[in-house]
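Take a look at this one; I'll ask things after.
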Amino acid sequence: MANAIAPTARPLVTGSILRKVAAAMLPFYRKIAGSGSFAAQWSSAIVNADLSLMGKLLAKIPTLASVENYGTNGIGYFITFPFPLPVSFYTNGTTIPPGTVQFTFNARMHRRIAAAVLPFYRKLARSRSYAESFAAAIRRNDRTAVNKLVRRFVKASSLKSVTIEEYGAALLFKSSLSKYPYRNLMFQEVM
């Protein structure tokens, strides 16, 4: 008798998942946008791959103090939140696109991005209907709707594109503060 392989559940993003992630990340983005010294320490931790310092800085953010899944690739960071199956993990972070540069992360650019995304994360965290609409647009792969929903709240001219990736969204920022583009990401870790 052959062993049956269970079908892989199709990963689904929901408004509830997006609201939880946004609510947890909102104080972090506020801190980055509002504190040059915190942003500089965070950037140093990223560039030096200093997970210990990242943990100490995250411990200062009540909504992220108990987060255990975080990391850096030397050009950005990822904070991952566990959820019941079939989702498993959902991640948020900001990074320079891989292959562009190594061991670089501009604190001033990160602060600008954090300030730009605050209204978007605030709306996601606080509005059930907005979060459900955003999740539904992602599930439908409706790029036009996702773009419109993001741009209603992210007004920065440095926002160059919004794309759907891995059951989430990628916001690409480019400004004169850095010669490299940065991506603010939310996506489902597919195992």
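By the scheme Lys and Arg +1, Asp and Glu -1, what is the net charge of all other residues having a beta-carbon under 12 Å from that of residue 172? Present the calculation step by step, with values, prior to reporting the outcome.
On the way: positive: 160, 174, 183; negative: 165.
Taking every Cβ under 12 Å from that of residue 172, the sum is +2.
Efficiency by 1/(1 + (r/R0)^6): what FRET value for residue 101 and residue 129, r their Cβ-Cβ distance, R0 = 35 Å, to the nearest 0.05?
On the way: r = 40 Å, r/R0 = 1.13.
Efficiency computed from Cβ-Cβ geometry: 0.30.
Which links in 31/179; 60/160; 123/179; 20/179 stretch past 27 Å when you go from one Cα to the other?
Table pairs above 27 Å Cα-Cα are 60/160; 123/179; 20/179.
What is the sum of charges around residue 42, taking Lys and Arg as +1, Asp and Glu as -1, for the other residues whose C-beta is under 11 Å from the C-beta of residue 42? Before the final figure, lay out each step's value.
Values: positive: 31, 56, 60, 111; negative: 50.
Here the charged neighbours net out to +3.
Summing +1 for each Lys or Arg and -1 for each Asp or Glu, what net charge is found among the other residues whose Cβ lies under 9 Å from the Cβ of residue 15?
Details: positive: 19, 128; negative: 132.
Here the charged neighbours net out to +1.
Can I ask one more? Add -39500 (n - 2.57) for each DSSP H run of 4 or more in the chain, then divide by its residues: what number comes out at 222 nm, to the nearest 500 deg cm²/dmol?
That calculation yields -13500 deg cm²/dmol at 222 nm.
Rounded to the nearest 10 Å², what accessible area does residue 129 have for a 1.4 Å probe in the complete protein model?
80
Per residue, how much accessible area does the chain show when a 1.4 Å probe rolls over the protein heavy atoms, in square angstrom? Don't skip to the end; give the middle numbers.
On the way: 9290 Å² over 191 residues.
Ligands and nucleic acids excluded, the figure is 49 Å² per residue.
Leaving out ligands, DNA and RNA, what percent of the accessible area of the chain is carbon and sulfur, probe 1.4 Å? Intermediate values should be presented prior to the final figure.
On the way: 5050 of 9290 Å².
Answer for the chain is 54 percent, counting heavy atoms of protein chains only.
Which entry in (i) 1.05; (ii) 0.98; (iii) 0.93 is this structure's computed Rg/Rh (Cα atoms, Kirkwood Rh)?
The value matching this structure is (ii).
What are the DSSP H helices in the chain that stretch 20 Å or more along their long axis, judged by alpha-carbon atoms, and whose average Kyte-Doolittle hydropathy comes to at least 0.5?
Details: long enough: 15-34 (27 Å, 0.57); 107-126 (27 Å, -0.12).
Length and hydropathy pass: 15-34.
Could you check how many percent of all C-alpha pairs in the stretch 14-98 are farther apart than 19 Å?
Details: 1283 of 3570 pairs.
Value for the stretch 14-98: 36 percent of Cα pairs lie more than 19 Å apart.
The values are calculated or read from the model by the stated rules, or taken from the named source; none is laboratory data. The structure displayed is predicted, hence computed values, not measured ones. Quick reminder, even Gly has a Cβ in these numbers, built from the backbone with ideal geometry, and neighbours come from all protein chains shown. These area figures cover heavy atoms from the full protein model, side chains too; ligands, DNA and RNA do not enter into them. Shrake-Rupley method; radii C 1.70, N 1.55, O 1.52, S 1.80 Å.
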